[in-house]
Amino acid sequence: MQGLLQRGVRVRVAEFVKVLGVDADFPLPDAEVRGIAVDSREVRDGDVFFALPGTREHGIRYLNDALTRGALLCVTDEAPPGGKAERVILVPDAMDALCRASSHFYGNPSSSLTVVGVTGTNGKTTISYLLESIFESAGFRTGVVGTVNYRVGGKLIREGLTTPFPHQLQGALAEMRDCGARYSVVEVSSHGLAQGRVRGIEFSAAVFTNLSRDHLDYHGDMESYYSAKKRLFVEHLRGGDALSVVNVDCPYGKRLAGEAGGRVVTCSLKGEGDFTAESALLTIGGIDANLRWGGGSLRVRSSLVGRHNLENILLASACALSLGIPPDRVEEGIEALKSVPGRLERVKVKQGAEFFVDYAHTPDGLRNVVEALIPFRTGRLIVVFGCGGDRDRGKRPIMGEVVASRADVTVVTSDNPRSEDPRAIIDEILPGCERAGAVRVSSLPGNGPGRVYLVEPDRRKAIGLAVDMARPGDIVLVAGKGHETYQIIGQERIEFDDRAVLREYGA
């Protein structure tokens, strides 16, 4: 993670090993630990290398490389090839050891911050942006660790993981602390929770957005997926006074509300929670609604579009208000946020039609954004989307059906195919389009009635088709990649930004 704070407190090797709770069976070097690494290629002179178990291989394979590059020690839970090796410390759980060591190395930064964790299938990024805007409007410097980027003390640091490795996360929190931040908002993924990456973080509050099908290639089933999410609310909250904010319109949220730790606050657009929304006006220009709780209320005006974003606003507001932010500052913060990168983000392409880019890449996420746009079209809704490779194959036909049953024109294309053949991925999407009753066409459709779909594996060309066919009154949605500025094909990351491609075709 280039650009993040890499120095910690001054820790000598003996103290570092003591934190691990084990004894070394060799003389420890009398030296200062300069950093922590989990990738042998990133080891610098004076670092401690943590060899972790991976999905394909164990990091202990790279012991010699790490030592050659200057690692003082290797901490691992796997005996090195050939048995005992000098400068290797064996621990029962390498990830747990990494969490404890990282927190100590960076001076336990979460103890100096109000850390809010946001988890759920959809909505994490939007809620993190909303909370950041609210806290900043209230006069508190805020840091964010999220899917789009890290924002630390006004610096933007690009990052591809929702939840980074523990030493990276602790380093980011330390930089926020040292920049004078009061709040930190952290998007917490199910992978990070299942792998124990957030151990050592003291969360003052946690927000649950929703749970729907995603990551089943990793978790196996929805129960395991839910159990991973629940860990944030039962294992990682700071104490009994910590806050759990839960969306009970989601069936899993209703369940979580009875199982979460701390002070539980519920939210519902159906009037079934502690916080609710009333008199909501949803337009292509945004949201105007009243939020109510107990004896209080406030009016929110937002540029964000769609009912799902009203839900995000409700959750963020409930969290901020429950943490003591005044209602007028909540109103101000919500209104100040004009857009979220890659989340129903408007792109100016050509006159008369509306163009949006969104990160939606799950059945529920796609349903939310498509249904958010349907009421506002006076012409057709045209949706360009694909499915990622090397991920849950079972959701592909579901996504095809979700889009083709709602859009007037569906353009099925490639997303991030990774190691898979893009056409093979598309072939698994198409049965869903057929189930939706959409008719396959091979050329640009006119303005005739009926839902149709066409296939263009080249994402750039697919976006071009959508721009070419768009007429005044049409709405075009390009879904799946959102803020991403690359496309993963095989082992390569090539430069690709849906927003930039739209502008190219509109020029």
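Just so you know, all these numbers are worked out from the coordinates, no wet-lab data involved. Bear in mind that the values here come from a model prediction, so they are computed numbers and not experimental data. Neighbour counts are summed over all protein chains in view; Cβ atoms, including those assigned to glycine, are modelled from backbone coordinates with ideal geometry.
Between ARG440 and GLU335, what length comes free when the chain is fully extended (0.36 nm per residue of separation minus the Cα-Cα distance, one decimal in nm)? Working shown, then result.
Details: separation 105, 0.36 × 105 = 37.80 nm, distance 4.24 nm.
Contour length minus Cα-Cα distance gives 33.6 nm.
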> For segment 28-151, what relative contact order do you get, as a whole percent, if you take Cα pairs closer than 8 Å and at least 6 residues apart?
Replying inline: 15 percent
> What does the charge count near GLY262 come to, summing +1 for each Lys or Arg and -1 for each Asp or Glu among other residues with Cβ under 10 Å from its Cβ?
Replying inline: +1
> Cα gyration tensor of segment 107-244, axes a ≥ b ≥ c as square roots of the eigenvalues: rounded (a/c below 1.5), prolate (a/b > b/c) or oblate?
Replying inline: prolate
> Cα centroids of segment 334-357 and segment 194-227: how far apart, whole angstrom?
Replying inline: 29 Å
> Among residues other than TYR218 whose Cβ falls under 10 Å from its Cβ, what is the net charge (Lys/Arg +1, Asp/Glu -1)?
Replying inline: -2
> For the pair LEU281 and HIS191, how long in nm is the line joining their label points, each one 7 Å along Cα→Cβ?
Replying inline: 4.3 nm
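For segment 13-105, what class follows from the C-alpha gyration tensor (a ≥ b ≥ c being the square roots of its eigenvalues): rounded when a/c is under 1.5, otherwise prolate if a/b is larger than b/c, else oblate? Walk me through the numbers on the way to the answer.
Values: a/c = 1.26, a/b = 1.19, b/c = 1.06.
Verdict is rounded for segment 13-105.
Under a Cβ-only charge scheme (Lys and Arg +1, Asp and Glu -1), can you give me the dipole magnitude of the chain about the Cα centre, in debye to the nearest 20? Can you show the working numbers first?
Details: 62 positive and 65 negative charges, 167 e Å.
In total the dipole reaches around 800 debye.
Among DSSP beta bridges whose residues both lie in the chain, state the antiparallel percentage, nearest 5.
Working: 29 of 85 bridges.
Percentage antiparallel, nearest 5: 35.
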> Could you give me the ³J(HN,Hα) list for segment 76-93, computed from phi with Karplus coefficients 6.51, -1.76, 1.60 and θ = phi - 60°, whole Hz, x at Gly and Pro?
Replying inline: 7, 10, 10, 4, x, x, x, x, 4, 9, 5, 6, 10, 10, 8, 10, x, 9
>> I want to make sure I understand the PRE zone here: with the label point 7 angstrom from the Cα of GLU15 toward its beta carbon, which residues in segment 66-108 have backbone N atoms less than 15 Å away?
In response: 101-108
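Counting only DSSP beta bridges with both residues in segment 1-152, tell me the antiparallel percent, nearest 5.
Working: 4 of 14 bridges.
The answer is about 30 percent antiparallel.
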>> Roughly how far apart, in whole Å, are the Cα centres of segment 463-507 and segment 8-85?
In response: 44 Å
> Whole-Hz Karplus ³J(HN,Hα) for segment 455-461, in order, using 6.51 cos²θ - 1.76 cosθ + 1.60 and θ = phi - 60°, x for Gly and Pro?
Replying inline: 10, 9, x, 7, 4, 4, 5
> Ranked by Cβ crowding within 10 angstrom, fewest neighbours first, how are SER103, SER40, SER112 ordered?
Replying inline: SER112, SER40, SER103
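When DSSP assigns beta bridges and you keep just the ones with both residues in segment 345-506, what percent turn out antiparallel, to the nearest 5? Present the calculation step by step, with values, prior to reporting the outcome.
On the way: 6 of 26 bridges.
Counting DSSP beta bridges with both partners in segment 345-506, the antiparallel share is about 25 percent.
If R0 is 41 Å, what FRET efficiency do you get for ASP288 and GLU259 from their C-beta distance, rounded to 0.05? Provide the component values of the computation, followed by the final result.
On the way: r = 35 Å, r/R0 = 0.85.
It comes to 0.75.
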>> What distance in nm lies between label points placed 7 Å from Cα along the C-beta direction at ARG34 and THR378?
In response: 6.5 nm
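Sort 399-406, 24-31, 177-184 for me by packing, meaning the mean count of neighbouring Cβ atoms within 10 Å per residue, highest on top.
Numbers: 399-406: 24.6, 24-31: 12.4, 177-184: 19.5.
Taking the mean over residues of other Cβ atoms within 10 Å, the ranking is 399-406, 177-184, 24-31.
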> Using a cut-off of 16 Å between alpha-carbon atoms, which aspartates and glutamates can reach LYS348, once sequence neighbours fewer than 8 places away in the same chain are excluded?
Replying inline: ASP358, ASP468, ASP474, ASP497, ASP498, GLU504
> From a point 7 Å beyond the Cα of THR68 in the direction of its Cβ, which residues of segment 34-60 have a backbone N at a distance under 12 Å?
Replying inline: 41
>> What are the ³J(HN,Hα) couplings of segment 380-394, residue after residue, when phi is run through the Karplus curve with 6.51, -1.76, 1.60 and θ = phi - 60°? Round to Hz, x for glycine and proline.
In response: 10, 9, 10, 10, 10, 7, x, 10, x, x, 6, 10, 3, 6, x
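Quick one: grab the alpha carbon gyration tensor of segment 345-506, order the square roots of its eigenvalues as a ≥ b ≥ c, and give me rounded if a/c is under 1.5, else prolate or oblate depending on whether a/b is larger than b/c. The partial results should precede the final answer.
On the way: a/c = 1.60, a/b = 1.18, b/c = 1.35.
Cα axes put segment 345-506 in the oblate bin.
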>> 7 Å from Cα along Cα→Cβ at both THR55 and ASP217: what's the point-to-point distance in nm?
In response: 0.7 nm
> Please state the relative contact order of the chain as a whole percent: Cα pairs under 8 Å, 6+ residues apart?
Replying inline: 10 percent
> ILE201's amide H: which non-local residues (gap 5+, or another chain) put their own amide H closer than 5 Å, with H modeled 1.01 Å from N in plane and none for Pro or chain starts?
Replying inline: none
